[in-house]
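The values are calculated or read from the model by the stated rules, or taken from the named source; none is laboratory data. On a predicted model such as this, the values are computed, not experimentally measured, just so you know. Cβ sites come from the backbone with ideal geometry, for glycine too, and all protein chains shown count toward neighbours. SASA here: full protein model, heavy atoms, side chains in, ligands and nucleic acids out. Shrake-Rupley method; radii C 1.70, N 1.55, O 1.52, S 1.80 Å.
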Amino acid sequence: MILHPAIIALLVASILIAALVLYAFWYGVKILRSWDLRSGSSLQLELERRTYLISTVLAYVFGFQIASLFLLIYTADSLSTLFTGAMCAAGTFNVNAYGYPLLVLKLINFLLAGLWLIVNYADNQAYDYPLIRKKYALLLLLGPFIVLETFLQARYFLGMRPDVITSCCGSLFSVNSSGVAADLASLPAVPLQYAFTAIMAAAIALGVAVAVTGRGGYALFVAAGMAFIIGIASLISFISPAVYELPTHHCPFCVLQKEYGYIGYLFYAALLGGAVTGMGAGGLNPFRSVPSLVVIIPSLQRKLAFISILFHIFTSLLTLAAVFRSNLRW
C-alpha cells in the first residue's frame with residue numbers, strides 16, 4: 001500500500017460509509033416488514049424514531065459518496081507519477097485488476113445515491129412518509145453495491161505496488177488494442193457526433209416538456225440515462241481528441257489535467273448531474289397520484305427537470321467549444 005493522505009481518507013471514509021449503510025440496511029429490512037403508520041405499537045414508534053435518524057445520516061453519507069467519485073479520480077491522477085508507464089489516471093487504475101471495476105462501480109453508486117437522495121427528499125416533504133418503503137427498498141439494492149465498492153477500493157489501494165509497470169493511456173485507449181476502452185476509442189466519430197447531438201436535444205426537449213407541462217417523465221428518465229452513456233462514449237471517441245488536437249489520443253483522463261484547463265471535471269460533473277436530475281425527475285413519475293404528494297411531486301419534478309436542462313445545455317456547450325476551437329477535423 002502507498003501511504004498517501006487521499007488514499008487513507010478514501011479508505012477510512014468508505015469503511016464508515018459501509019458501516020452506516022449496513023446499519024441502515026438492517027433497519028430497512030425491519031421497516032419493509034413491519035412499518036405501519038396507523039399502529040401505535042412500541043415497534044412502530046421505534047421505527048419512526050430510527051427512520052428520522054437514518055434518513056438524516058444517509059443524506060450526509062450519500063452526499064460524501066457522490067463527492068468521493070471525484071476524489072478517487074483526482075487521487076488516481078495525482079498518483080500517476082509513482083508508476084512506471086502511467087501518464088494519468090488511466091495508468092493508475094490499471095496497476096491492478098481492481099482499479100477499473102472500482103471506477104465503474106463508483107459511477108453506478110453515484111447515480112443510485114443521487115436517486116436515493118431525491119426519493120428521500122420527496123418522502124420527507126409529505127406528512128405520512130408515503131415513500132418510506134420505496135426508499136428503503138432502493139437502499140437494499142444500493143447497500144450491497146456500497147459494501148462491494150468498499151471491498152474493491154481496499155483491494156485496489158492495498159494492492160498498489162510502486163514497482164509495478166503499468167500501461168499508459170495511449171495503449172489502453174488505442175484503436176489497435178483490445179478491450180472495452182479500445183472498442184470505445186474505435187467508435188466512428190461522425191456518427192457518434194450525430195448521436196450525441198440527437199440525445200442531448202432530446203434530453204433538453206423532454207426536460208422542457210416536464211418543466212412546463214409535467215408530462216414526459218418516463219421518457220426523460222430514459223433520455224437522461226442514454227445521454228450519460230452516449231456522453232461518455234463521445235468523450236472517448238471524439239471530444240478528447242478534439243481537446244488534445246491529436247486524432248490518436250482518446251484518453252478520458254488527461255482532460256482532467258491542468259494543461260487542458262481541468263475541462264474534464266466540468267464535463268463529468270455536467271454529465272452526471274444531468275443524469276441524476278433527469279432520471280430523478282422521471283423516477284418520481286409513479287408517485288404523482290399519491291394523495292400526500294399530488295402537489296409536492298409535480299413541483300419537485302419541474303425543478304429537477306429545469307436543473308437537468310441546465311446540465312445538458314452546459315454539456316452541449318462544452319462539447320461545442322472543444323470541437324469548434326480545435327484544429328482537428330473529421
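Go through Ala90, Gly143, Leu79 and say which Cα lies farthest out towards the positive end of the charge dipole of the stretch 67-166; charges sit on Cβ, +1 for Lys and Arg, -1 for Asp and Glu.
With unit charges placed on the Cβ atoms, the residue in question is Gly143.
If we sort 71-77, 322-328 on the protection proxy, mean other Cβ atoms within 10 Å, highest first, what's the order?
Highest to lowest by the protection proxy: 71-77, 322-328.
So for the chain, averaging the separation of alpha carbon pairs under 8 Å that are six or more residues apart and normalising by length, what relative contact order in percent results?
18
Once both labels are modelled 7 Å past Cα along the beta-carbon direction, what's the Leu317-Thr56 spacing in nm?
3.9
When N is the residue count of the stretch 183-330, what does its C-alpha Rg come to as a fraction of 2.2 N^0.38 Å?
So the Cα radius of gyration is 1.13 times the expected 2.2 N^0.38 Å.
Quote the FRET efficiency, to the nearest 0.05, computed for Asp163 versus Phe64 with a Förster distance R0 of 56 Å and r equal to the Cβ-Cβ distance.
Efficiency computed from Cβ-Cβ geometry: 0.95.
Roughly speaking, what is the stretch gain from Asp183 to Ser326, that is 0.36 nm per residue apart minus the C-alpha to C-alpha distance, in nm to one decimal?
Length gained, Asp183 through Ser326: 49.1 nm.
Peptides 260-272, 88-100: what's the order by average Cβ count within 10 Å, highest mean first?
Ranked from most to least packed, the peptides come out as 88-100, 260-272.
Given N residues in the chain, what is Rg(Cα) / (2.2 N^0.38 Å)?
For the chain, the normalised Cα radius of gyration is 1.08.
Can you pull the semi-axes for the stretch 1-136, root of five times each eigenvalue of the Cα gyration tensor, sorted largest first, whole Å?
Ellipsoid half-lengths, sorted descending, are 39, 13, 11 Å.
Taking amide hydrogens as modeled 1.01 Å from N in the peptide plane, which residues meet the under 5 Å criterion relative to Leu284, leaving out close sequence neighbours?
Distant-sequence amide H within range of Leu284: zero hits.
Once the other residues with Cβ under 15 Å from the Cβ of Phe64 are scored (Lys, Arg +1; Asp, Glu -1), what is the net sum?
Result for the local shell: 0.
Given the Cα-Cα distance of Arg33 and Val294 and 0.36 nm per residue of separation, how much length would full extension add, in nm?
Result for the pair: 91.4 nm of gain on full extension.
Please work out the average accessible area per residue across the chain, using the 1.4 Å probe convention, and give it in Å².
With the other protein chains kept in place, the chain gives 45 Å² per residue.
Ignoring everything except DSSP H segments at least 4 long, calculate the 222 nm mean residue ellipticity for the chain; use -39,500 (n - 2.57) per segment, divide by total residues, nearest 500.
-24500 deg cm²/dmol
If the chain between Leu3 and Phe145 were fully stretched, how many nm would it gain, using 0.36 nm times the residue separation less the Cα-Cα distance?
Stretched fully, the Leu3-Phe145 segment lengthens by 48.5 nm.
Just how many % of Cα pairs in the stretch 52-110 lie over 19 Å apart, if you round to the nearest whole percent?
39
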